[in-house]
Amino acid sequence: MKNSTLRTLMALGAISIATLLPIHAHAAGCSAASVAGNWAYTYTGTIFTPSGPLPAASVGHFHLSIAGNVSGSQARTVAGQSGLEDIAGTVTVNSDCTASATIQVLVNGQLQRTAQLALVYDSSRNHARMIFQSLVLPDGTNVPVVLTVDANRVTTQ
């Protein structure tokens, strides 16, 4: 009887652990809520124009809401010409900690360009690496770029 009870308890314990593993794995994954907060970033790279390549860089900050909405501002320079800009957009976060973002850049409320980015979150979701996949002007012109972003979460939601 003791062996039968012990085997039953061990089986129930194994089932309980097996049942909890998917919950733990899901909790360790990413979501918009798990990466929400205030972020600081830099981006650097090259913008390719018909006149030739132009170096570009920016520093900025943004707030990412638990719903995946982005708002912030940046100081940027392109070929030595600087400017201040606002950013707004959305981020879609996957459970494997990859994500995609659509970001609009505005100056005095006027749309300047829209960027599509690919992201990956690492360092316990407190760091993000990004690359621009496209940059489109308001008239629909696609501007070729090679721009990468390095971002750190400053505070959580």
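No lab work stands behind these numbers, since they all come straight from the coordinates. These numbers were taken from a predicted model, which means no experiment stands behind them. So basically every Cβ, Gly included, is an ideal-geometry build from the backbone, and we count neighbours across all protein chains shown.
Overview of results
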{"item": "Approximate spin-label separation His63-Asn142, in nm, with each point projected 7 Å along Cα-to-Cβ", "result": "3.5 nm"}
{"item": "Cβ-based exposure ranking for Asp86, Asp150, Asp122, in which fewest neighbours within 10 Å come first", "result": "Asp122, Asp150, Asp86"}
{"item": "Dipole of region 32-156, positive end: most advanced residue of His63, Pro138, Ala79 [Cβ charges, Cα centre]", "result": "His63"}
